[in-house]
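Written below as structure tokens is the structure these notes are about.
The values are calculated or read from the model by the stated rules, or taken from the named source; none is laboratory data. Remember, predicted model here, so these are calculated numbers, not experimental data. Ideal geometry is used to build each Cβ from the backbone, glycine not excepted, and the neighbour counts take in all protein chains shown. Surface accessibility is based on the protein's heavy atoms, side chains included, excluding ligands, DNA and RNA. Shrake-Rupley method; radii C 1.70, N 1.55, O 1.52, S 1.80 Å.
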Amino acid sequence: MNIRDIGVVYVRFAGKEGGKRRPIFVTSVKEETFTFFPITSQYEKKSDRIKTQYFPIVDWQLYGLVKPSWIDIGSQIEYDLEQVEFMPIGTLGNEATNALEEFIYSYPSRLAALEKE
């Protein structure tokens, strides 16, 4: 597992039992832990506020995803490496990674503009 990898892991539900296998985008890897943003295919029915934190994966097929997908920058999660089985499906390219970094950087101003509406 490396930074910028897209893969599938079992993600626990927040505040309740259970979870599901879902795609993730790895943001950091340390000796015993890694952090990631979840990837979602649910976009259209979300509120405008939630949509401001969803980065579109333009070439989602190139990264092994099966339908249009977004990286949820509002939900960074940390797991122990030994607690998950990571199945890699792709790696976000340099151009897309740069666009994601700009998206993250501009998030506060997009959110502020939305709240002024």
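When the residues of the stretch 11-62 are filtered to those that are in contact with a Gly (Cβ under 8 Å, 6 or more places away or on another chain) and open to solvent by 100 Å² or more (accessible area, probe 1.4 Å), which remaining residue is nearest to residue 82 (Cα to Cα)?
12
Quick one: residue 103 ticks every box in (1) of a type outside the set (Asp, Glu); (2) open to solvent by 30 Å² or more (accessible area, probe 1.4 Å); (3) closer than 13 Å to residue 1 by Cβ except a single one, so which number is it?
(3)
Any residue in the stretch 13-24 that is over 13 Å from residue 88 (Cα atoms) sitting within a Cβ distance under 8 Å of a residue that is modelled with pLDDT of 80 or more and open to solvent by 80 Å² or more (accessible area, probe 1.4 Å)? List the pairs, counting only those 6 or more apart or interchain.
13/20; 19/10; 20/10
Output the qualifying pairs, or none if there are none: Cβ atoms under 9 angstrom, residues six or more apart or on different chains, first residue in the stretch 28-55 and within 26 Å of residue 116 (Cβ to Cβ) and without any contact (Cβ under 8 Å) to a residue 24 or more places away in the chain, second residue open to solvent by less than 60 Å² (accessible area, probe 1.4 Å) and acidic (Asp, Glu).
54/72
Please go through (1) surrounded by fewer than 14 Cβ atoms within 10 Å (Cβ to Cβ); (2) within 21 Å of residue 95 (Cβ to Cβ); (3) acidic (Asp, Glu) for residue 72 and return the number of the only condition it doesn't satisfy.
The one condition residue 72 does not meet is (1).
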